Structure formats: C-alpha cells, structure tokens
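A.B. asks: Quick one: the structure is below, and I'll ask about it shortly.
The values are calculated or read from the model by the stated rules, or taken from the named source; none is laboratory data. The model shown is predicted, which means the values in this text are computed figures rather than measured ones. Reconstructed Cβ throughout: ideal geometry from the backbone, glycine too, with neighbour counts over all protein chains shown.
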Amino acid sequence: MQSLGRDNLNTLSAPLPHRKISASGLVMSNITVSPSWWQIFLGSMRSIFGGNVASYDKVLAFGRSEVMQRLREQAIGEGWDDVINVRVETSAVMNKIKGGNQNKSGTLEFLAYGTGIRE
C-alpha cells in the first residue's frame, strides 16, 4: 500500500495503533564514502588554523542522505509498506600506512536499519 508523497521511513518505535501488521522484518542499507583530495586538502589546512571543517560536513550530509534514500529503495524493493524505528550509524575506517601512522584519507561507513512492516 504505497501512497505518493509519503515518506516510508520514520522513527516511531511502534506503528500507529489502528494498523494491522501481517509481517515484519529487518531492512538495512549501507554505503562507504570518502572525501575528495580537494576536501582533504581544505580539511588539513583548516585543522592547522582551527575551526569547523565544512568540507567534511558535506561528506557527512551526503552519506547520511544517500544511505537513507537507499534504505527507502530497499524497503520498497522488498515489499514493505513502512520502516519504523529507523537508526543511522556512522563509523570511520582509517587505513594504516608504513610506520604505523593512520592515513588521513580514510572512509566513512554509514549503516541505516529499521523494522520493515507490511499490512
């Protein structure tokens, strides 16, 4: 029962009381993103002088919106009407290089998951 103009993701821990749920299951999606070389350069310059690293904020915003969109598509593809109790987790994955130092150009992993429900 898909209606146009309605978002099928929400953070309710339970569906609305008037709905009869016939099935439920886990729905999840994940992506990894990495800043471009230009964003890394701007971020390293900003870290020298201090302040907010706005170039990394764009990477975070893109990753979050993309993983949520993929979760929507995953839910529709699996036939779920809605996804409730949606959560997004973010983790930084850094690459090791010679000498034991961490590579500054690591990636970010975004994981979105929730409970798919079907009427």
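A.B. asks: What pairs can you find where one residue is in region 41-62 and of a type in the set (G, A, S), the other is at pLDDT 75 or above, and their Cβ atoms are less than 6 Å apart, with a gap of 6+ or different chains?
C.D. replies: From region 41-62, the pairs are G43/Y56.
A.B. asks: Is there any pair linking a residue in region 1-23 that is outside any loop (DSSP other than H, G, I, E, B) to one that is modelled with pLDDT of 75 or more and of a type outside the set (S, T, N, Q), with Cβ under 7 Å and at least six apart or on different chains, and which?
C.D. replies: Hits for this filter: L9/M68; L9/L71; L9/R72; L9/V83; L9/V86; L9/G114; A23/R118.
A.B. asks: Something else now. In region 47-59, which residues are out of contact with any strand residue (DSSP E or B) (no Cβ under 7 Å at 6 or more places or on another chain) and closer than 14 Å to E109 by Cα?
C.D. replies: Y56
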